[in-house]
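Structure, as structure tokens:
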């Protein structure tokens, strides 16, 4: 979290500079005959207001988001459109998913988490979320259940159990909270900008614009840090999945299908949880690997399967799984 603290300090500095310029601009527009205004680069009073205001927004926003996630992984799963899987489901694909998760719980020594299905997501993806193993949830896209065989699904579930066992989930939720707090700055900027329309050179107009820009820059650097932290943990989770399943071919095949089919998550909240997904849930960014929350697929595959031929494979819908889902819809 030290990186996010540095990010917040930089945001405070940016808000202070913007505030000084706005105050200077306001005073410079005084009636003619007034003494000239000097630009004072250091003003303790303005800095205090800027620091307290920025910290208040970030902290209140973060606390609000963390409180909204207080019930653990279920809150994340539901925000992404997940449906709690019934233990009495008649869907063969859903029964297989439950069986695989129960097997991985035994293999990892973890309690069985709540299971959610993202019915409207055709890509291959999954996530684990929660504060502790006791309130953890695993979410799986419908694409995982219709495009993967049992060994491939087992590899992905083993990967998610690694995140539960390694305590990655708590950090993931904190990241979501801090990012939301930073986003709140941009939201306040939009409110100030909207309320100041049609009022000429209103200082609030310039403050609103400044907060929007500062919030956007803050989110960019937050995403950058988010990506760096997430990439390092994905290799460890892949290695742990191989230990749990004792079947590296299953995870390798799942990653190859992910590369050929795609893993994008369409939910409006996918960006907040992008660092939690098994694969890149946000599609291709114009900044490429800079903001990628996951290592390149080729590196992940070769780490567990050095003999891989370099080709990705298009996932083929398993007819039985697709028909059972349509029948239960």
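The values are calculated or read from the model by the stated rules, or taken from the named source; none is laboratory data. Everything numeric in this text was worked out from a predicted model, so none of it was measured. Counting neighbours? That spans all protein chains shown, and the Cβs are built from the backbone with ideal geometry, glycine included.
Quick look at the values:
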{"quantity": "Where residue 216 falls short, out of the listed (1) crowded, with 21+ Cβ neighbours inside 10 Å; (2) more than 30 Å from residue 306 (Cα to Cα); (3) within 21 Å of the chain's Cα centre (by Cα)", "calculated": "(1)"}
{"quantity": "Count of the stretch 82-102 residues which are surrounded by 14 or more Cβ atoms within 10 Å (Cβ to Cβ) and at pLDDT below 95", "calculated": "4"}
{"quantity": "The stretch 306-329 - residue that is part of a loop (DSSP other than H, G, I, E, B) and closer than 29 Å to residue 95 by Cα and, of those, modelled with the highest pLDDT", "calculated": "312"}
{"quantity": "Cross-chain or 6+ apart pairs with Cβ under 9 Å, the stretch 296-316 first and under 14 Å from residue 237 (Cα atoms), then exposed (fewer than 13 other Cβ atoms within 10 Å of the Cβ)", "calculated": "301/310"}
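Okay, residues lined up against (1) in a loop (DSSP other than H, G, I, E, B); (2) out of contact with any strand residue (DSSP E or B) (no Cβ under 7 Å at 6 or more places or on another chain); (3) modelled with pLDDT under 90; (4) within 19 Å of residue 209 (Cα to Cα):
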| site | (1), (2), (3), (4) |
| --- | --- |
| 10 | no, yes, yes, yes |
| 15 | no, yes, yes, yes |
| 19 | no, yes, yes, yes |
| 22 | no, yes, yes, yes |
| 25 | no, yes, yes, yes |
| 35 | yes, yes, yes, no |
| 42 | yes, yes, yes, no |
| 48 | no, yes, no, no |
| 58 | no, yes, yes, yes |
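Conditions (1) on the phi > 0 side of the Ramachandran plot; (2) in contact (Cβ under 8 Å) with a residue 60 or more places away in the chain, marked per residue:
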site: 64; (1), (2): no, yes
site: 67; (1), (2): no, no
site: 77; (1), (2): no, yes
site: 81; (1), (2): yes, yes
site: 84; (1), (2): no, no
site: 90; (1), (2): no, yes
site: 95; (1), (2): no, no
site: 100; (1), (2): no, no
